[in-house]
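Below is one structure, written out as structure tokens; the observations come after it.
We did not get these values from a lab; they are worked out from the coordinates using the rules stated. This structure is a prediction, so every number in the text was calculated from the model and none was measured. Cβ coordinates were reconstructed from backbone atoms using ideal geometry, including for glycine residues, and neighbour counts include every protein chain displayed.
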Amino acid sequence: MAYFDDNQDGRLSLREFADKPNPIFVRYDRNHDCQVTAEEIKGTSSDGKQKPPPIGERGRGGTPGPPPSN
């Protein structure tokens with residue numbers, strides 16, 4: 001919840017929730033088709049080749065990785 005709660009008031013507004021990409025899709029939807037498949041979660045493509053880690057895990061700015069753990 002902390003990932004979405006910009007003003008840290010313990011509540012999510014529609015704007016807070018809708019304006020940020022879902023971290024699951026940012027991390028796993030590697031072909032950007034709005035579907036997360038088992039292959040994407042495992043890190044392999046349909047042809048069995050290993051895919052590179054998501055952008056957030058490579059340390060590039062602008063794309064969030066997994067939400068911070070508390």
By average C-beta atoms within 10 angstrom, highest first, the peptides 30-41, 5-16: 30-41, 5-16
Net charge of Cβ neighbours under 13 Å - reference ARG15; Lys, Arg +1; Asp, Glu -1: -3
